[in-house]
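The numbers here are math on the coordinates, done by the rules we state, and not lab data. Because the structure is a prediction, the values reported are computed rather than measured. Because the Cβ atoms are built from the backbone with ideal geometry, glycine has one as well, and the counts that use them run over all protein chains shown.
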Amino acid sequence: MTGITLFKTALAVYFASACIYGASLWGKRVFPARIAAGLMFAALVVHTFSAVARWFPAGETPTIGLHDALSLFAWVMAAAYLTLQLKTKTRVLGAFVSPVICLFMVVASVGLGGAVNAPAMLRGSLVTAHVILSVAGEALFAVASCAGLMYLIQDGLIRRKKAGGMSRLLPPLGDLDRINHLCLLWGVPLLTLGGLAGSLWARIVWGSHWQWDPKQVWTLLAWGCYAFLLHQRLAIGWRGRTAARWSLALFVLLLVLLMAGLPFFGTLHRFV
Amino acid sequence: MRIVLIGMNHKTAPVEIRERLQIDCGDGGPALAELLGIPEVREVLVLSTCNRVEVLARVADGEAAVERLKEFIYRQGNLDAAELERCLYVHRDREAVRHLFRVAASLDSLVMGEPQILGQVKEAYRRAVDHRATGVLLNRLVHHALRTAKRVRTETGIAGNAVSVSYAAVELAKKIFGGLHGKTILLIGAGEMSELAARHLLRQGVERILIANRTYARAEEMAEAFQGAPVAFDRLPEVLPEVDIVIASTGAPGYVVTAEMVAAALRRRRNRLLFLIDIAVPRDIDPAAGEIDNVYLYNIDHLQDVVDANRETRLVEAQKAEGIVAEEVAVFEAWFNALAVVPTIVALRGKMEGIVRRELERSAHWLGGLPEEERSRIEGLAASVVNKILHDPIAGLKEESREKDELPYVAAVRRLFKL
C-alpha cells in the first residue's frame, strides 16, 4: 500500500516538474527550469522508494510486469536526464523529457497494485535482467530523441539567424549532441545485453532463441537501427544535425510500429 | 530639501566639456575635502566616469548648497558659468535618489545594461568612505542603490544579451559549442573587430589561436600578441579541419574561404560543428558554406541584426527595471521621511507606552485583586518611570537638532530602539 501512495506521489511531483518546465519555456526563463529539475530529483527519490516498497515485501527475485517495466522506463529516463544535466548545460531539455516521463508514469499507473508474482514461465533472474536491461536501453534512446528534437529546434533557430529569446533559453548544440552520443553509447550495449538475456531465456522456456514473434522482430529492428546509428556516429562521424534527425526519426518510427503493429498480431511475448 | 545630486552626463554635455571636468579620479581626496569644506554640505560622494560627473550630497540648506556646489563645478571645469549651466542637471530629494538608483542599475548608461557602472559606483563610494565623507544617509542610500542594481540585474534581462558585434559572436559560439574550452580559432586577416572578438573568445577558454594573413610577417606579429601560431595564407585548406571557429576579416575582393574548402574540411573533421564568422565587406566566406550541415555562418549583417534585436529586448527589459527602481525609491523614501525629529519622538514615546500597557495587561490577574486606588498608583508609577527615562534622550535630540546636524542622532535612536 505504501508503494502505491509513493508511486502516486512520485507521479504528482513529476507532473508538477513538467508543468514548471513548461512555464520555463513559456516565459523564456531559465529560473523555473532549475526548480523543476529539483522537483524531478525529488520525484525520482520518491519513485525509487515506491519501487523498493513494492519489491521488498515480495521476497525472492520479483518478476517484472507491464507496470514495473513502464515505471522503470520513466525511472531510467529521469535518472539519466538528471545525471546528464550535471555534466552539461541543458536545464531546459527537461521540458521535453518530463512530459514523456509523465506519460509513462500515467500508463504504468494502470497496472498499479497488480500482483507482484507472475506465472512460473516469467519467473527468474534472467527475465528480470532481460527486462531491466532492455527497458533501460530503450529509455536512453527516448532521452536521445528528446535531445534530438531540441537540437533540431535550436539548429533551426541559429541557422535562420534567430538567436534571440528562444534560442537563448535552449541548450547549446554541442551539449545536446553530447547527450545523443552518451545515450547511444550506453543504450546500445544495454539493449544488446537485454536481448541476449531474453533470447537465452526463450531458449529455455520455448525451446528456441527465435520465434518470429512480432515483438521479437520489433526489438531486433530497434537494436539494429540504433547499433547502425552508433556505428555511423563513431565510424563516419554522423554528428549534429544528422544524428539528431536519425535519433528522433527512429524513435518515432519504432513507437508507431509498436502502437500500430502489436494489436494486429498475436504475441507469445506478452507481459504479465 | 536634504539630498542634492548635481552633475552632467553623456546626454547633457559633449565630451569636450566632460573631459575638462573629470574630477581627479586618483583618490579624489582634494575634491572631497573641498566639498566637505562647504558649510552646508554634510556628506558627499563624487562619481566621475568617462560618461558622467556627478556630485551627490546631503546638505543642510538646500538652495544655498546648490549654488555652492555649482560654483565648485565651475571651478573644477574652469569653464564659463553660462556654458556649463546648460549642461548641468540638479536633482533634489526623491529625484536625486531615483537618479542614483537608475545610474547604478545602468539605466542611465550610454550602453544600457553595461555592467561597469556598478563597479564605478562602488569605487566612488569606497573613496568617499576612505575620506570619511559619508555618513548615515549616504551609507544607506548607496547600499540601497547597489541592492536595487542587483535586483534589476537578476530580475530583468537588461544585461542579458550582447549589444556589440564582437560579443554577439562570442555568445553565438557558446550557443553552438556549449563550453569553449579546448576549442581552436582561426583569424583570417586583421581588424579591430576581429581582434576584439578573438580576445573575448580567448577569455572564454579557447585553447589555441591560429592567425593567417596575406603578409606572413603581419601574421607572425599578431601571433606573438595573441600567443598563437602564424599560418601561411595558402595553407588555409590544410588548417581548416583543425579549427572550430573562423573569424574572417580580410580586404580581399573575392571569397577567401570557399564552400568546397568548408565541405572538405568538415569531412576531414568528421562533421564536428564549425562556426564561421565573416565580418569582412566584401565577404570573405562563400555564403553557400552556410548551407552545409553542422556549419553555422554569420556575416556582419547577421551579427548586427542580433545586436539590434538585443537592443530592443533591453529597451523592453528597461521598462521592468524602471518599475523596480520606482519601488525601491518608495522604500527608501519611507525610511528617509521618518528620519525627522518629531516623528522619531512620537514613535519612541508610542513604543514605550505600548510596552507599559502590555506589561500591565500581563499582570492583570494580580493587579485586578488590588483596590482601585492602588492599581492606579502602580500605573502612574510605571508611566512616570518611562517619562523619566525618556526625558534626557528626547531633550538631547531636540537640542542637537536645533544646534547642528540631527540626522545621526535620529538615525541612531531609530536603530537602537528599533523604531
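Relative contact order of region B:342-419, taken over Cα pairs closer than 8 Å and 6 or more residues apart, is 46 percent. With respect to chain B, whose longest principal axis is taken over its alpha-carbon atoms, helix B:62-77 is tilted by about 30°. Any chance you could tell me what percent of the C-alpha pair distances in region A:1-44 go past 16 Å? Cα-Cα pairs in region A:1-44 separated by more than 16 Å: 37 percent.
Helix B:407-416 axis versus longest C-alpha principal axis of chain B: approximately 80°, rounded to the nearest ten. Put the Cα centre of region B:329-386 next to the Cα centre of region B:245-261 and the gap is 82 Å.
In region B:3-155 the Cα-Cα distances spread across 5 Å bins starting at 0 as 2, 10, 21, 24, 23, 14, 5, 1, 0 percent of all pairs. For A:Ser125 and A:Leu196, the FRET efficiency from 1/(1 + (r/R0)^6), where r spans their Cβ atoms and R0 equals 22 Å, is about 0.95. Note on A:Arg159 and A:Ala235: their simple-model spin labels are 2.6 nm apart, each label 7 Å out from Cα toward Cβ.
Of A:Ser17, B:Ser109, the sequence from fewest to most neighbouring Cβ atoms within 10 angstrom is B:Ser109, A:Ser17.
Placing R0 at 51 angstrom, the Cβ-Cβ distance between B:Ala252 and B:Arg140 gives a FRET efficiency of 0.30 after rounding to 0.05. Per the Debye formula on identical point scatterers at the alpha carbon atoms of region B:341-416, with no solvent, log10 I(q)/I(0) at q = 0.13, 0.16 Å⁻¹ is -0.50, -0.65. Using C-alpha pairs under 8 Å with a sequence gap of at least 6, the mean separation divided by the residue count of chain A gives a relative contact order of 20 percent.
The alpha carbon convex hull volume per residue for region B:165-307 rounds to 93 Å³. Remark: spin-label model distance B:Arg311-A:Leu66 equals 6.1 nm, labels positioned 7 Å along the Cα→Cβ axis. Principal axis analysis of the Cα atoms in region A:129-268 yields extents of 60, 31, 24 Å, listed in decreasing size.
Estimated from helical segments only, the mean residue ellipticity of the protein assembly as shown at 222 nm is -21500 deg cm²/dmol, where each DSSP H run of four or more residues counts as -39500 (n - 2.57).
Taken over the C-alpha atoms, the protein assembly as shown has Rg and Dmax values of 35.6, 111 angstrom. Taking every alpha-carbon pair under 8 Å whose residues sit at least 6 apart, chain B reaches a relative contact order of 13 percent.
If R0 is taken as 25 Å, the Cβ-Cβ distance between B:Glu67 and B:Gln22 corresponds to a FRET efficiency of 0.65. Geometric descriptor of region A:2-264, per residue, is 124 Å³ (volume of the convex hull of the Cα atoms).
All Cα-Cα separations within region B:264-354 were binned at 10 Å from zero, giving a P(r) of 13, 20, 16, 12, 11, 9, 9, 9, 2, each value a whole percent of the pairs.
Based on the Kirkwood approach, the hydrodynamic radius assigned to region A:1-91 is 14.0 Å, with every pair of different Cα atoms included.
The modelled label-to-label distance between B:Val281 and B:Glu34, using points 7 Å beyond Cα along the C-beta direction, is 4.5 nm. Over region B:177-228, the alpha carbon radius of gyration divided by the compact-protein estimate 2.2 N^0.38 Å works out to 1.09. Taking amide H as placed 1.01 Å from N in the peptide plane, B:Ile209 has its amide H under 5 Å from the amide H of B:Ile185, B:Ala229, each at least 5 places away in sequence or on another chain. The angle between the Cα long axis of helix A:31-55 and the main principal axis of chain A comes to about 10°, on a 0 to 90 degree scale.
With N the number of residues in chain B, Rg(Cα) / (2.2 N^0.38 Å) evaluates to 1.46.
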